Structures are given as C-alpha cells and as structure tokens.
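Asks: One structure, as structure tokens, below. Some questions next.
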Amino acid sequence: MSGQLRISPWLANRLACPYDSQALELRGTAMRCPNGHTHRIVSGIPVLLRDDVEETHWHATQAREAPEAGYPSAVVNGISEYVQQGIGATGGYMYGPLTGRLIEYPIPRTRLPPGEGRALLDLGCNWGRWTIASARAGYRAVGIDPSLPGIQAAYDVAKELGVQADFVVGDARFLPFAANTFDAVFSYSVLQHFAKTDVSQTLTECSRVLVPSGFALIQMANKLGVRSLFHQAKRRFREPSLFQVRYWTPRELETVFSALIGPTALSVDGFFSLNAQPEEARLLPARFRAVVSASEMLRSLSRRIPTLRHVADSLYVESRKK
Ligand SMILES: [Zn+2]
C-alpha cells in the first residue's frame, strides 16, 4: 500500500493528524487517524490540512479541492514551469526580472551548521529551494507548504537536481508530525507574512515537533531595518493585512521566541531587502548585484559591530528548545 506515497517510510511513520496529533494510517488513497479524521493523498502527496480554521493562504483551499491526480506540472527546458512563473513571489522582489527566464534553479547556501543526517523541517517550503539547500548541507530534510502545486514542483526540482527530500502539504500552525520528530526547524520568508497570533501558534508547534535541545532558525523582518522603515512609511505605518510583511522589533522577536521555544539569539541575514542570497547574486540584474554586495559587506561588519543587527532588514532568529 505504501507504494502510492511519495514520501519516505521514515516520514510516513512520523506523520500525525493536524487536528489531534494522533498517528496516521494509510487506508487506500487516504490517511486516517483513530478519531476518524481522513486526509487525502493527491498524486502520492499527503494533504494534511484542517478545514475548520482560517487559512494563511488561499493555496490551502486549492489543495483541499485538488483533483485526484493533482494539478498538471510541466518542466520546460529543464526548469519547472511553476518555478519559472513563481520565482518573483518565492525568491523576492529582486528575482522578479528572472520570471520566465530561469536557466538554472536558484538554490541558496544555507547558514545552518552541517546536518550530519539530522532531521530538519522547512516551514513554508513552496518549491523547495531551502529544503534542497538543507538536504545538500547533510540534513534529512522535509518541506511543508499549503500549496499543492508548490509541493508537486518541489518533487520535480529535487528529482531534477538529484536531491533526496520529503515534501507534504500542510499548515505550519497545525504541524502534521509526531512530537520530537525534528532536530531542526528552518523557515525563510514565511513567518514574516503571518499575523502575530499565527506566528505564536506556529512557534508552539515548532517546539512540540522539535526534539529536546533541538533548534529553530527562522528568518524575520526587522521593524527597525533601513528599508523596512521605508516600506512601513509607504503604507503609512498602517497595520498590515493578508500576506503583507509584518515587522517585528528585535526585542519583540527575542521575547516571543524565547517564551515559546527557548533561549534566543539574533543574527543578520541581510540589509536593503528581505531576501538577498549571495550565491545567487550572479543570476540577478546588475543593480541588484550591487545591493547584495552592500548587504554582504554590512553583514560581515555586523559580526564585529553587533549593534548593526538592530538596523538590518532581514534577521535570523535562532532558538534552542528548553
Ligand atoms: Zn485526527
């Protein structure tokens, strides 16, 4: 029966119902928990979403209503069509000019320590760029995202690049995994889009699925960042709505992450954008390459001048489970 699942047996044994965290069993083309919750498997991918909560993204409804075989996914000139069209949204504004023009997959280098076979969960992985980056760094990597086309594309990209990783459809606030499953949780450019109550719920779930002394490394947007202030001014400091970026002060990040996961430290991801990845700069237009260089220069300076952290736009929040 397990032949119809695309995920590894290791992960299949650790899946849990997003309603009640009970173990899931494969029954035909669905997975069921002892309390009778049934979750579909679409083109070999478990769809582990709840239908009784407000979604963080319309992708969740799309996944729940997907046809049995999933959505059509095409690979054009060696690059997934989904990634070609979505690169501006999944990579960030500097990647917009690459829409439809990718000649390779932009896979960043992770700042995580070497994985050495440890299990890692990538929250909001979409087409899997950071999950793949983590797998390349030696992690047993699992990506989760509410987008079914995103997860289908992630399988296509991982296969194309010869990377072994698992992907499931799910909601970061109701993680469909047993407690103590992961050594590390990673997330990039995802929680910064969540309402603060959803972030708290997600961090509580991260703590549940982390092993004791496991850690989380999560990218967030700094309220005091140079470019962040410009963006907040543009929307006149109104409260953000829907999927707009939520800005947090460094103090607020430390307080909330410490309370919900454990001891927390901040480090700089970048300046002047929320997504400058130095390994990918060569793929970007010249004006953005200059932004990435300036960001990298300040990031390296921030190791000697820690106060620079306070004005970086993009921060990494690292928390170790208590
Ligand atoms: Zn259940």
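Asks: If DNA, RNA and ligands are ignored and the probe is 1.4 Å, what is the ranking of D313, D198 by accessible area, most exposed first?
Replies: Of D313, D198, the descending order of accessible area is D198, D313.
Asks: Based on Cβ point charges of +1 for Lys and Arg and -1 for Asp and Glu, what charge dipole magnitude is obtained for region 127-184 about its Cα centre, in debye rounded to the nearest 20?
Replies: 100 debye
Asks: For R27, tell me the accessible area in Å² from a 1.4 Å probe, rounded to the nearest 10.
Replies: Accessible area of R27: about 120 Å².
Asks: If you don't mind, there's one more thing I want to ask. Is there a quick way to get the dipole size of region 153-212? I mean about its Cα centre, with the Cβ of Lys and Arg at +1 and of Asp and Glu at -1; what is the value in debye to the nearest 20?
Replies: For region 153-212, the charge dipole is close to 200 debye.
Asks: Another question about this same structure. Output ³J(HN,Hα) for region 206-222: one whole-Hz value per residue in order, computed from phi by the Karplus curve 6.51 cos²θ - 1.76 cosθ + 1.60 with θ = phi - 60°, and x for Gly and Pro.
Replies: 4, 4, 5, 7, 7, 6, x, 6, x, 9, 10, 10, 10, 7, 9, 9, 8
Asks: Not counting ligands, DNA or RNA, and with a 1.4 Å probe, what is T204's accessible surface area in Å² rounded to the nearest 10?
Replies: For T204, solvent-accessible area is about 70 Å².
Asks: Right, another one. When a/c is below 1.5 the answer is rounded, else prolate if a/b is larger than b/c, else oblate, so apply that to the chain with a ≥ b ≥ c taken from the square roots of the Cα gyration tensor eigenvalues.
Replies: It comes out prolate by the Cα gyration axes.
Asks: Kindly work out what percent of the DSSP beta bridges joining two residues of region 1-159 are antiparallel, to the nearest 5.
Replies: Counting only bridges with both partners in region 1-159, antiparallel ones make up about 70 percent.
Asks: I've got another one for you. In degrees, nearest 10, range 0 to 90: what is the angle between the Cα axis of helix 81-91 and the longest Cα principal axis of the chain?
Replies: It works out to around 40 degrees.
Asks: Using Cα positions and a limit of under 18 Å, work out the lysines in reach of K234, with same-chain residues fewer than 8 apart set aside.
Replies: K223
Asks: Using the crude model of +1 on Lys and Arg Cβ and -1 on Asp and Glu Cβ, and no other charge, please compute the dipole size for region 197-262 relative to its Cα centre, in debye to 20.
Replies: 440 debye
Asks: Which order do R111, R289 take when ranked by solvent-accessible area (1.4 Å probe, heavy atoms of all protein chains), largest first?
Replies: The ordering from most to least exposed comes out as R289, R111.
Asks: To the nearest 10 Å², what's E318's accessible area with a 1.4 Å probe?
Replies: 80 Å²
Asks: Same structure, new question: If each of D52 and S293 carries a label point 7 Å out from its Cα toward its Cβ, how far apart are those two points in nm?
Replies: Result: 5.7 nm between the two label points.
Asks: In whole Hz, what ³J(HN,Hα) sequence does region 108-119 give by Karplus (6.51, -1.76, 1.60; θ = phi - 60°), x for Gly and Pro?
Replies: Couplings: x, 9, 6, 8, 5, x, x, x, 6, x, 6, 7 Hz.
Asks: What is the set of long-range amide H partners of F167 at a cut-off below 5 Å, with H atoms built 1.01 Å from backbone N?
Replies: Counting only residues 5 or more places away or on other chains, the set is G143.
Asks: Between A233 and T38, how high is the FRET efficiency from 1/(1 + (r/R0)^6) when r is the Cβ-Cβ distance and R₀ = 56 Å? Nearest 0.05.
Replies: Calculated transfer efficiency: 0.70.
Asks: Which of rounded, prolate or oblate describes region 57-183 when judged by the alpha-carbon gyration tensor and an a/c cut-off of 1.5?
Replies: Oblate is the answer for region 57-183, as a/c is 1.5 or above yet b/c matches or exceeds a/b.
Asks: Another question, if that's okay. Amide H neighbours of A276 under 5 Å, counting only residues 5+ apart in sequence or on other chains, H built in-plane at 1.01 Å?
Replies: Long-range HN contacts for A276: none found.
Asks: Could you list which residues have their amide H under 5 Å from that of V75, counting only those 5 or more apart in sequence or on another chain, with H placed in the peptide plane?
Replies: E81
Asks: Still on this structure, I have one more. Work out how much length T307 to Q22 would gain on full extension: take 0.36 nm times their residue separation and subtract the Cα-Cα distance, in nm to one decimal.
Replies: Full extension of this stretch gives 98.1 nm more.
Asks: Another question, then. For a quick check of your reading of the filter: which trypsin sites (Lys or Arg not before Pro) in region 135-219 sit in a DSSP loop and have no more than 12 other Cβ atoms within 10 Å?
Replies: Filter output for region 135-219: empty list.
Asks: Another question about this same structure. What is the gain in length, in nm to one decimal, between K159 and R251 on full extension, counting 0.36 nm per residue of separation less the C-alpha to C-alpha distance?
Replies: Computed gain between K159 and R251 is 29.0 nm.
The values are calculated or read from the model by the stated rules, or taken from the named source; none is laboratory data. Keep in mind that what you see is a predicted model, and the values were worked out from it rather than measured. Reconstructed Cβ throughout: ideal geometry from the backbone, glycine too, with neighbour counts over all protein chains shown. Ligands, DNA and RNA are excluded from the accessible area calculation, which covers all protein heavy atoms including side chains. Shrake-Rupley method; radii C 1.70, N 1.55, O 1.52, S 1.80 Å.
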